[in-house]
1. Among (1) aliphatic (A, V, I, L, M); (2) under 25 Å from Ala303 (Cβ atoms); (3) surrounded by fewer than 22 Cβ atoms within 10 Å (Cβ to Cβ); (4) out of contact with any helix residue (DSSP H, G or I) (no Cβ under 9 Å at 6 or more places or on another chain), there is one condition Leu66 misses while meeting the rest; what is its number?
2. From the set of residues in the range 75-95 that are part of a helix (DSSP H, G or I) and in contact with a helix residue (DSSP H, G or I) (Cβ under 9 Å, 6 or more places away or on another chain), which is nearest to Val36 (Cα to Cα)?
3. Output the number of residues of the range 196-225 satisfying the condition of being part of a helix (DSSP H, G or I), in contact with a Phe, Trp or Tyr (Cβ under 9 Å, 6 or more places away or on another chain), within 16 Å of the ligand (Cβ to nearest atom) and open to solvent by 60 Å² or more (accessible area, probe 1.4 Å).
4. Check whether at least one residue in the range 320-327 is farther than 30 Å from Leu231 by Cα, at pLDDT 95 or above, open to solvent by 10 Å² or more (accessible area, probe 1.4 Å) and out of contact with any Pro (no Cβ under 8 Å at 6 or more places or on another chain), and report yes or no.
5. Filter the range 237-253 down to the residues that are part of a loop (DSSP other than H, G, I, E, B) and modelled with pLDDT of 95 or more, then identify the one that is most open to solvent (accessible area, probe 1.4 Å).
6. Within the range 254-287, restricting attention to residues that are β-branched (Val, Ile, Thr) and part of a strand (DSSP E or B), which residue is nearest to the ligand (Cβ to nearest atom)?
7. Restricting to the range 360-369, count the residues that are under 26 Å from the mean Cα position of the chain (by Cα) and surrounded by fewer than 22 Cβ atoms within 10 Å (Cβ to Cβ).
8. Looking at the range 433-475 only, could you name the residues that are over 23 Å from Gln572 (Cβ atoms), in contact with a Phe, Trp or Tyr (Cβ under 9 Å, 6 or more places away or on another chain) and open to solvent by 30 Å² or more (accessible area, probe 1.4 Å)?
Amino acid sequence: MYPCPVGKDRSENAGRPRNLRRPATNMFHGAMFEKVLVANRGEIAVRIIRALQEMGIASVAVYSELDRDALHVQRADEAYLLGGPTAAESYLKIERILEVCRESGAQAVHPGYGFLAENAAFAKACEDAGVTFIGPSAAAIEAMGSKTRARELMKAAGVPIVPGTTEPVATVDDARKVIDSDIGYPVAVKAAGGGGGKGFRVALDESKLQDAFEGAAREGEKFFSDSTVYLERYLPDPRHVEVQVLADRHGNVIHLGERDCSVQRRHQKLIEESPAPAVDEELRERIGRIGVEAARAVDYVGAGTVEGLLQDGEYFFLEMNTRVQVEHCVTEMTTGIDVVKEGIRAAAGEALSVTQDDVVLRGHAIECRINAEDASKNFAPAPGAITSYREPAGPGVRVDSGVLAGSEITPMYDPMVAKLIVWDADREQATSRMLRALAEYEIGGLKTLIPFHAALLATEQWANGETCRDLLEDRDWLKALAFPKTQPAVADDEEVVEHAYTVEVSGRKFDVKVIGPPYGGGSVNGSAPAAAPKPRRAERAGGAAAGGGDELVSPLQGNMWKVLVEQGQEVQEGQLVCIIEAMKMENEITAHKAGVVEQLAVKEGEPIASGATIAVIKSAA
Ligand code: MV4
């Protein structure tokens, strides 16, 4: 297909039928983009490229050295190397991305989610460079990025917020005073620069306040260079319910109904669905109005999400995500509206293609995030190579993925391999369909959350529409999801195979072949097949913990953030040993077996390489 650009003549878009029900505006309708750069990787980059292709817009992919072969590079019309393997050297390099815009002639940038998606400085740099940022203004990103400012704005707009402070709280003493007079315990201490649960601590009573306050401040400083915190009443058992909004530059703001994302672990969403089981028609309208008002308050443009907590029929604004989200797909399934395309249209100055009255919700959609993680080992990242790959299909099934057979899930980026989304007439049937699709999904050589999802969706708790928090914290339930042991690595007589790569020079791609050792791994969904290829590296085969015997090895490269055991200490299998920070994520590393920590090879604050020994754990004699 490449390097043949598919950029279309402007005249082709000029004749596009517009929604005649919309009141006419005399505002300027910018012509649709001819070429758009996608500043992301993985499934979301592929998702955006698909939308561009359907709209007749040429796509420009960018990639890191690790992603030369990636699906998003193959699917785009052009592709440019950004730089080295780390995000800082590639997907976060603002100057280089804008340079590629100039080189390729891309008129707009779609940031996807993560990386530069909610980076106001990037949105501003795009504006300054004359490149359209597909998303809201830098001012809207900034306003919603500060959680205290967002709360203040929402309060002023009449949007209900979780009771607490809208001002930063400077000291523990100040916190104690305002808790005693206004908020009460338990209290949530949150980092003002945070979001998505980063820098979020709970103090059940006054004795825990100092720890919670300092913990949230430290995490805020670490991840957002901002140690300011604020306080919220801690709701004991809420549901996470969010609403999808769309806005254009003509003053149209609509919502597409809600999603329930209550099944999450360590603030990572695992399953999302729409409609929310606990939301009725009246509440849906109320939540929808809240979403629209929140978006209006910051002159929002594009696709965005207003997140909130639902407790006992009361709904509170939590934060707004000023980007397209991972879980936008469930809304696309129930509304039939393409959230990504609407965002692109809005950025180009076109009106939304639908009005609020056009939005009709139908049936039920569920999304399972298929992460390369081992649920039985505390959801430890389990990077590795995909040796074989077969996606489910059939009625009502959608797979958004960025991988192919031979792809490698590197510890360098997010461990999400794919999203499996299903639609059916109601929740019960959608659940059956998801279970069927999960059973069809074959991912060889990699441990993923497929068995976890299959187990969870088969529970009574899920059937009852519960949040399943008890299951996610149930060590025994999770441990039962352990993968069968993979076959031990056999050294020597390393097999040599040929790999085909695509390389890029000035936006043109060339195929080259590299002769080398085969990819590692060798199991379908973690269960070892009879003729498993030899794992390339021992630690890959075992995921987070199996360095072979006593050694606990790091599954990823990062920084040792916390070490929770001491040399000589006795540990249980599955006990938290340390937390490694990588790509702004905290990764819990747990003991791969019970025993005594004989050696502890790590220190807090120091970098750690993938495959490096964390500890040596000797079983009690
Ligand atoms: C809360 C909360 C209780 N009280 N805030 C924040 C980020 C998002 N990942 C979940 N967050 C929460 N914020 C207050 N004031 C509880 C959570 C929460 C949660 C909420 C609904 C469903 C599942 C949850 C899992 C963990 C934390």
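The values are calculated or read from the model by the stated rules, or taken from the named source; none is laboratory data. Source: prediction; values computed, not measured. Quick reminder, even Gly has a Cβ in these numbers, built from the backbone with ideal geometry, and neighbours come from all protein chains shown. Quick note on the areas: whole protein, heavy atoms, side chains included, nothing else; ligands and nucleic acids left out. Shrake-Rupley method; radii C 1.70, N 1.55, O 1.52, S 1.80 Å.
1. The one condition Leu66 does not meet is (2).
2. The extreme case among them is Arg75.
3. Residues in the range 196-225 being part of a helix (DSSP H, G or I), in contact with a Phe, Trp or Tyr (Cβ under 9 Å, 6 or more places away or on another chain), within 16 Å of the ligand (Cβ to nearest atom) and open to solvent by 60 Å² or more (accessible area, probe 1.4 Å): 1 in total.
4. No, there is no match, as no residue in the range 320-327 is farther than 30 Å from Leu231 by Cα, at pLDDT 95 or above, open to solvent by 10 Å² or more (accessible area, probe 1.4 Å) and out of contact with any Pro (no Cβ under 8 Å at 6 or more places or on another chain).
5. If we take residues in the range 237-253 being part of a loop (DSSP other than H, G, I, E, B) and modelled with pLDDT of 95 or more, then Arg249 is most open to solvent (accessible area, probe 1.4 Å).
6. This residue is Val263.
7. 3
8. Once the filter is applied, which keeps residues that are over 23 Å from Gln572 (Cβ atoms), in contact with a Phe, Trp or Tyr (Cβ under 9 Å, 6 or more places away or on another chain) and open to solvent by 30 Å² or more (accessible area, probe 1.4 Å), the range 433-475 yields Arg433, Glu442.
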